Amino acid sequence: KAGVTQTPRYLIKTRGQQVTLSCSPISGHRSVSWYQQTPGQGLQFLFEYFSETQRNKGNFPGRFSGRQFSNSRSEMNVSTLELGDSALYLCASSPMGGTGYGYTFGSGTRLTVV
Amino acid sequence: AQKITQTQPGMFVQEKEAVTLDCTYDTSDQSYGLFWYKQPSSGEMIFLIYQGSYDEQNATEGRYSLNFQKARKSANLVISASQLGDSAMYFCAMREGGARQLTFGSGTQLTVLP
C-alpha cells in the first residue's frame, strides 16, 4: 500500500515568490494535515482538511493557505515568501475515526527561501 | 505552558542496551492520545507507538514500549536492545480530546554507539 507522497522533495525559492506544495494521502484516508518544522519553532500545526473542507487551522498568517481535492489530495500554498518560511513541511494523512486513529506522515518538502 | 515537554535534547546509548526517552504532558482533557514518532535524517516521521488516556495497559510495539504514568502525566518511550538504526530524533506528541491536530515536543536526538 503506497504511503503518503509529498512533492517536490526539495525546493528553493526567492523572497517574495509564492510556492505550492503537494500531498497525496494514503488511499482511503480522507484527512490531510500539514505541519511546519523549523529548528527554532519545532513542529507546528498549519491546518487540516477533511472532505475538501478546512477543519482546523494553526496560528499562521494568511499567507499560508491550502486546499483539498475530491480525491483527498491536498496542496498548500505560501505567498510572498519570507526567509523565515524556510522549513521542512510535513503532510500527514489519517482515516476518519475517533480516539486512537493514526497519522501517517510523508517524507516532507524541504523549502529554502533565499 | 508547554503541552509536551521533552527534557533530553540528546541521549547516547550503547548498542544492545535499553534506553528511556522522557516525555511529560499537560492537558485538562480526560480523553487524549499520546504518540511517539521517530524522525531519521531523511525527514520522514515514522510512527512508533500510541497510548490512549483510557488504556489501562502500557502500549508495546516490538522493541518499543510506552511507560504511561497518568497521575504523573508522563509517557516515556522505552527502546529495548538498541540498534544502530535507532539513531534518530524522537518526538513525543499529543492529541487532546476531539482535536484533530498533534502537538509535538521539542524532540530528543538519540545516538546509538557501536
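Out of B:G43, B:G52, B:G107, report the one residue that is within 14 Å of chain A (Cβ to nearest Cβ) and touching a residue at least 60 places away in the same chain (Cβ under 8 Å). First the steps, then the outcome.
Numbers: B:G43 fails: touching a residue at least 60 places away in the same chain (Cβ under 8 Å); B:G52 fails: touching a residue at least 60 places away in the same chain (Cβ under 8 Å).
Only one candidate passes the filter, namely B:G107.
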Among (1) of a type in the set (S, T, Y); (2) under 13 Å from the mean Cα position of the chain (by Cα); (3) farther than 30 Å from A:L111 by Cβ; (4) buried (at least 16 other Cβ atoms within 10 Å of the Cβ), the one test that B:T27 misses: (2)
Set A:G102, A:G108: member being at the interface with chain B (Cβ under 9 Å from one of its Cβ atoms), surrounded by 13 or more Cβ atoms within 10 Å (Cβ to Cβ) and under 26 Å from A:T14 (Cα atoms): A:G108
Tell me which residues, restricted to segment A:20-42, are within 9 Å of another protein chain (Cβ to nearest Cβ) and touching a Gly at 6+ places or on another chain (Cβ under 8 Å). A:Q37, A:G42
Quick check on B:T24: is it touching a Phe, Trp or Tyr at 6+ places or on another chain (Cβ under 8 Å) and at pLDDT 95 or above? no
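Pick out the one residue from B:V13, B:V19, B:V112 that is under 13 Å from the mean Cα position of the chain (by Cα) and either touching a residue at least 60 places away in the same chain (Cβ under 8 Å) or farther than 30 Å from A:P8 by Cα (or both).
Numbers: B:V13 fails: under 13 Å from the mean Cα position of the chain (by Cα); B:V112 fails: under 13 Å from the mean Cα position of the chain (by Cα).
Going through B:V13, B:V19, B:V112 in turn, just one is under 13 Å from the mean Cα position of the chain (by Cα) and either touching a residue at least 60 places away in the same chain (Cβ under 8 Å) or farther than 30 Å from A:P8 by Cα (or both): B:V19.
Could you pull out the residue among B:K38, B:K16 that is basic (K, R), within 13 Å of chain A (Cβ to nearest Cβ) and either touching a Leu at 6+ places or on another chain (Cβ under 7 Å) or outside any strand (DSSP E or B) (or both)? Break it down stepwise before answering.
On the way: B:K16 fails: within 13 Å of chain A (Cβ to nearest Cβ).
Sole residue among the options that is basic (K, R), within 13 Å of chain A (Cβ to nearest Cβ) and either touching a Leu at 6+ places or on another chain (Cβ under 7 Å) or outside any strand (DSSP E or B) (or both): B:K38.
Quick one: which residue in B:Q8, B:Q51 is surrounded by 15 or more Cβ atoms within 10 Å (Cβ to Cβ), of a type outside the set (S, T, Y), assigned to a loop (DSSP other than H, G, I, E, B) and on the phi < 0 side of the Ramachandran plot? Write out each step before concluding.
Working: B:Q51 fails: assigned to a loop (DSSP other than H, G, I, E, B).
Only one candidate passes the filter, namely B:Q8.
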Return the pair list, or none, for Cβ contacts closer than 8 Å from residues in segment A:63-82 that are free of Cβ contacts under 8 Å to residues at least 12 places away in the same chain to residues that are surrounded by 19 or more Cβ atoms within 10 Å (Cβ to Cβ), at least 6 apart or on different chains. none
Here is a check on your reading of the model: is A:R55 within 12 Å of another protein chain (Cβ to nearest Cβ), out of contact with any Leu (no Cβ under 7 Å at 6 or more places or on another chain) and farther than 30 Å from B:P9 by Cα? yes
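What number of residues within segment B:73-114 satisfy the criterion of being in a helix (DSSP H, G or I) and crowded, with 16+ Cβ neighbours inside 10 Å?
Restricting attention to segment B:73-114, the residues satisfying the condition of being in a helix (DSSP H, G or I) are B:84-86.
Checking the rest, the ones that are also crowded, with 16+ Cβ neighbours inside 10 Å come to B:86.
The total comes to 1.
So is A:L46 in contact (Cβ under 8 Å) with a residue 24 or more places away in the chain, aliphatic (A, V, I, L, M) and within 14 Å of chain B (Cβ to nearest Cβ) or not? Working first, answer last.
Details: in contact (Cβ under 8 Å) with a residue 24 or more places away in the chain: yes; aliphatic (A, V, I, L, M): yes; within 14 Å of chain B (Cβ to nearest Cβ): yes.
When the stated conditions are applied, A:L46 passes them.
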Looking at this structure, is A:V32 in contact with a Phe, Trp or Tyr (Cβ under 9 Å, 6 or more places away or on another chain), of a type in the set (A, V, I, L, M) and surrounded by 12 or more Cβ atoms within 10 Å (Cβ to Cβ)? yes
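The values are calculated or read from the model by the stated rules, or taken from the named source; none is laboratory data. Remember, predicted model here, so these are calculated numbers, not experimental data. Glycine gets a Cβ as well: all are built from the backbone with ideal geometry, and neighbour counts include every protein chain shown.
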